[in-house]
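Heads up, the thing below is written out as structure tokens.
The values are calculated or read from the model by the stated rules, or taken from the named source; none is laboratory data. Nothing here was measured: the structure is a model prediction, and the numbers come from that model. Glycine gets a Cβ as well: all are built from the backbone with ideal geometry, and neighbour counts include every protein chain shown. Just so you know, the surface numbers come from the protein's heavy atoms only, side chains and all, with ligands and any DNA or RNA stripped out. Shrake-Rupley method; radii C 1.70, N 1.55, O 1.52, S 1.80 Å.
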Amino acid sequence: MQYVQAPEARPVPDERFPGSQQDRKDIATQTERCSQSKDLRPPSPPSPSQKLNSSTLPPPMSDRNADPPLDVATGVAMPYNIDWIFPRLRNPSKFWYVVSQFVVSAVGIFSKVVLMFLNKPRVYNKERLIQLISKRPQGVPLVTVSNHYSCFDDPGLWGCLPLGIVCNTYKIRWSMAAHDICFTNKLHSLFFMYGKCIPVVRGIGVYQNAINLCIEKAALGHWIHVFPEGKVNMEKEELRLKWGVGRIIYESPKIPIILPMWHEGMDELLPNVEPYVIQRHKKVTLNVGQPLDLNDFILDLKKRQVPEPTARKLITDKIQEAFRDLRAETEKLHRERN
């Protein structure tokens with residue numbers, strides 16, 4: 001199946017760059033994929049009646065330069081056909097928004113109760129996250145990245161946010177979720193779909209529907225959260241980050257704001273062992289880092305027409321470097337609480 005970019009995913013003027021740099025920015029937005037595009041005017045938060053189109057050496061990197069196309073057998077088991085989900089996420093209907101608002105609100109309230117009232121969270125630089133979610137420049141996407149220690153990281157961590165965000169389907173993040181865990185039957189698929197989760201098939205590479213859809217949502221200026229480790233990291237190793245996040249950032253028509261976060265304690269709140277019961281009175285520490293200023297770096301990659309596989313690796317490596325410093329800082333803050 002060949003990827004055809006959604007009409008809205010095209011280069012648009014970016015108020016963060018002066019006019020003299022606009023041509024630099026446009027160079028690397030893939031011209032061929034954008035040739036069928038039409039004008040995009042990123043909307044303000046829409047009403048339900050509106051339809052949106054919508055310290056050691058680093059871990060070794062894979063030497064694979066290309067990923068298999070989706071129409072090639074990969075040996076990845078597909079317990080349930082998820083093809084029908086993507087058109088609904090790409091072009092949500094009015095009904096979709098109504099149901100999504102209900103699901104997002106229910107999950108948001110549950111997450112807030114569990115994190116804020118049943119446990120002992122401490123969030124550093126929370127206002128930075130809230131500010132970027134609610135008051136970043138119109139049309140500029142936000143890509144948050146964090147470690148993944150528990151199945152409850154998302155949505156649990158968002159319980160620290162105000163109800164106006166965590167219970168608002170127009171403001172809460174888009175997030176990728178494993179197809180073989182969250183999308184195994186029709187009922188589960190509907191629940192996670194309305195919860196703004198995008199099914200990702202682990203093992204078939206970065207050129208798949210989930211990454212394509214994240215790029216399209218970035219083109220609309222939405223918030224996308226990524227766990228670049230690609231799985232629940234139960235051993236808490238320093239894993240080589242998956243390159244999908246690099247592709248999302250590199251191919252976004254507007255360079256996203258990239259916000260790294262690190263958390264500790266979520267695997268105690270919901271342990272990764274049976275019977276998988278949410279615990280109480282556990283310390284959870286979330287540390288929101290500084291936004292990564294990769295604008296000039298990405299513009300230079302585009303100006304020099306660096307091949308996309310190389311560019312996405314270099315961008316992902318920058319995130320990995322930021323993770324190392326943020327992890328050390330957060331682990332120290334978490335230990336001091338004890």
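Against the conditions (1) outside any loop (DSSP other than H, G, I, E, B); (2) touching a Pro at 6+ places or on another chain (Cβ under 9 Å), where does Glu127 fall short? Just the number, please.
All conditions pass for Glu127, except number (2).
Looking at Lys254, Lys242, which one is more than 25 Å from Lys135 (Cβ to Cβ) and charged (D, E, K, R)?
Lys242
Among the numbered conditions (1) crowded, with 21+ Cβ neighbours inside 10 Å; (2) among the aromatic types (Phe, Trp, Tyr); (3) in a helix (DSSP H, G or I), tell me where Trp96 comes up short.
Only one criterion in (1) crowded, with 21+ Cβ neighbours inside 10 Å; (2) among the aromatic types (Phe, Trp, Tyr); (3) in a helix (DSSP H, G or I) is unmet by Trp96, namely (1).
State whether the residues of the range 175-195 include one that is in contact with a helix residue (DSSP H, G or I) (Cβ under 7 Å, 6 or more places away or on another chain), more than 20 Å from Ala77 (Cα to Cα) and in a strand (DSSP E or B).
Yes, the range 175-195 has at least one match.
Looking at the range 182-200 only, could you name the residues that are under 15 Å from the mean Cα position of the chain (by Cα) and more than 16 Å from Pro92 (Cα to Cα)?
Within the range 182-200, Val200 is the sole residue that qualifies.
Which of the following residues is open to solvent by less than 10 Å² (accessible area, probe 1.4 Å), under 23 Å from Ile319 (Cα atoms) and out of contact with any Lys or Arg (no Cβ under 9 Å at 6 or more places or on another chain): Leu132, Leu157?
Sole residue among the options that is open to solvent by less than 10 Å² (accessible area, probe 1.4 Å), under 23 Å from Ile319 (Cα atoms) and out of contact with any Lys or Arg (no Cβ under 9 Å at 6 or more places or on another chain): Leu157.
Okay, residues lined up against (1) of a type outside the set (A, V, I, L, M, F, W, C); (2) at pLDDT 95 or above:
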site: Glu274; (1), (2): yes, no
site: Lys283; (1), (2): yes, yes
site: Asn295; (1), (2): yes, yes
site: Leu299; (1), (2): no, yes
site: Lys313; (1), (2): yes, yes
site: Arg324; (1), (2): yes, yes
site: Arg327; (1), (2): yes, yes
site: Lys332; (1), (2): yes, yes
site: Arg337; (1), (2): yes, no
